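Take a look at the structure set out below.
Just so it is clear, none of the values below were taken in a lab; they were calculated from the coordinates. Because the structure is predicted, anything quoted here is derived from the model rather than measured. A quick note on method: Cβ atoms are made from the backbone with ideal geometry, for glycine too, and the neighbour counts reach across all protein chains shown.
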Amino acid sequence: MSTTHTGERRVIGNVLKGSVGNLIEWYDWYAYAAFSVYFAKEFFPEGDTTAQLLSTAAVFAVGFLMRPIGGWIMGRYADRHGRRSALTLSVTVMAAGSLVIALTPSYASVGLVAPVLLVLARMLQDCRSVANTPPAPLTSPRSPHRVGAGSTRASSTSRSSPDS
């Protein structure tokens, strides 16, 4: 088996793994959006339905605000502990956030604790979300001796080097 074939197989595997992680990440967003009508009734005070839905949307927006913070935190973690450890931590934190949402009692049971727990769980889920997007070096077919030569097949094959 040629090294080119092995390299391409590795790239395809990395792209598929990254895609699965990305699918899981966006599933959280879709699930929250789909169930927001139910979350509004369970986690926020009764009375004004519009206020309940707006509160649920505000919790959704907190996730988007957490993405850059999560990117910074998970990026630093990955730099220190490696990409694989960061991805493992990312999935663990996502699962923990989902578990907190599933186990959070309703507003009728615990009052303001319910929306606070919901916000914290969404912050956890969305803080880790950036780590599931694979960077170009993981999917690049270039050789390990040519780090920095380019992140696409065209840029890595168009340059002349001793190992081309």
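Computed from the alpha carbon positions, the gyration tensor of the range 3-135 leads to an equivalent ellipsoid with semi-axes of 34, 14, 11 Å, biggest first. Direction-averaged projected area, Cα convex hull, the range 1-70: 6.4 nm², rounded to one decimal.
A cut-off of 5 Å between modelled amide H atoms, ignoring neighbours fewer than 5 places along the same chain, links residue 44 with 107.
In debye to the nearest 20, how big a dipole does the range 3-135 give about its Cα centre with +1 on each Lys and Arg Cβ and -1 on each Asp and Glu Cβ?
Dipole magnitude for the range 3-135 comes out near 680 debye.
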